[in-house]
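To start, the structure itself, in structure tokens.
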Ligand code: HBI
Ligand code: FE
């Protein structure tokens, strides 16, 4: 989690934003975007929630090259009142929450190098923009992101950021959603990853468990590899409703005493779509 150890870089504003400086991207950087985009655009249509493909369309994101945030913000503003602003990298939690609460999505301006094509630690512009921004054109998901930011500001005052961050992780970053009898992808960490876009839906290794707010906020997550458990929401409407109607304070109170759940736990009262073999996770431990 982004703690208070971050130092605001020279040249960034009070709210940590920087100019995107779109004109300074090199042809190689634009080409890297196009390579990543082509790979995901080929794989995703049958796998991702339809609202994601709609978002790519609304935002005209299939045009070649790294998107210009001003143009993206113009289109997004018309659709849902959101904007995209550039930041140098990770920003402190409360800065992050404050931007979301004001319908501003913060995005890194740098793009990964060819050596980092399949794995990098910090979110780059492909993860942030391709992964996150299309769903911000969906009115209900857009409201959820704002509600999350507002919840974050409250959680910070209560010392419960760790628990609330798990909600973000298991929804916005790594969420799955029901589509009739099928499951679809919507989490940005999945849809921006070539490997995880397949793994999260098709591999027998991970658990796929029905979303439960309190359950999710008790559950640890991995930042170093594919997830061992994915949580499945019924719809964005349901996710937003639960987030708005639930009083988080009693949940936080009960979580303060509860033990954390491990990344691969399956509980007796979980709604289980897949009880994973964890074969992938185990193979990674041995190697
Ligand atoms: N900063 N740039 C950036 N991107 C994030 O996703 C981000 C962050 N700072 C904090 C943060 N996320 C977390 O606190 C949230 O995921 C809870
Ligand atoms: Fe992200």
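The values are calculated or read from the model by the stated rules, or taken from the named source; none is laboratory data. Predicted model only: the values in this text are computed from it and were never measured. Every residue, glycine as well, gets a Cβ built from its backbone with ideal geometry; the counts of neighbours run over all protein chains shown.
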Options 140, 216, 133; residue that is more than 16 Å from ligand 1 (Cβ to nearest atom), assigned to a helix (DSSP H, G or I) and within 16 Å of the chain's Cα centre (by Cα)
140
Got at least one residue in the stretch 182-195 being closer than 24 Å to residue 278 by Cβ, surrounded by fewer than 21 Cβ atoms within 10 Å (Cβ to Cβ), more than 16 Å from ligand 2 (Cβ to nearest atom) and without any contact (Cβ under 8 Å) to a residue 12 or more places away in the chain?
yes
Just checking, does the stretch 170-184 include any residue being part of a helix (DSSP H, G or I) and more than 24 Å from residue 81 (Cα to Cα)?
yes
Tell me which of these residue 163 doesn't satisfy, since it passes every other one: (1) farther than 26 Å from residue 25 by Cβ; (2) within 16 Å of ligand 2 (Cβ to nearest atom).
(2)
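Within the bounds of the stretch 94-115, is there any residue that is away from ligand 2 (no atom under 16 Å from the Cβ), part of a helix (DSSP H, G or I) and closer than 30 Å to residue 32 by Cβ?
yes
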Which residues, taken from the stretch 20-54, are surrounded by 14 or more Cβ atoms within 10 Å (Cβ to Cβ) and over 17 Å from residue 126 (Cα atoms)?
47, 49, 51, 54
Yes/no for residue 230 being in a strand (DSSP E or B), on the phi < 0 side of the Ramachandran plot, surrounded by 18 or more Cβ atoms within 10 Å (Cβ to Cβ) and under 17 Å from the mean Cα position of the chain (by Cα)
yes
So which residues in the stretch 118-130 are at pLDDT below 95 and within 11 Å of ligand 1 (Cβ to nearest atom)?
122, 123
Could you grab me the full set of residues in the stretch 155-169 that are in contact (Cβ under 8 Å) with a residue 24 or more places away in the chain and in a helix (DSSP H, G or I)?
155, 156, 158, 161, 162, 163, 164, 165, 166, 167, 169
Criterion violated by residue 106 - all others in (1) closer than 29 Å to residue 256 by Cβ; (2) within 11 Å of ligand 1 (Cβ to nearest atom) satisfied:
(1)
State which residue is farthest from residue 44 (Cα to Cα) when the search covers only the stretch 143-157 and only residues that are touching a helix residue (DSSP H, G or I) at 6+ places or on another chain (Cβ under 8 Å) and more than 12 Å from ligand 1 (Cβ to nearest atom).
154
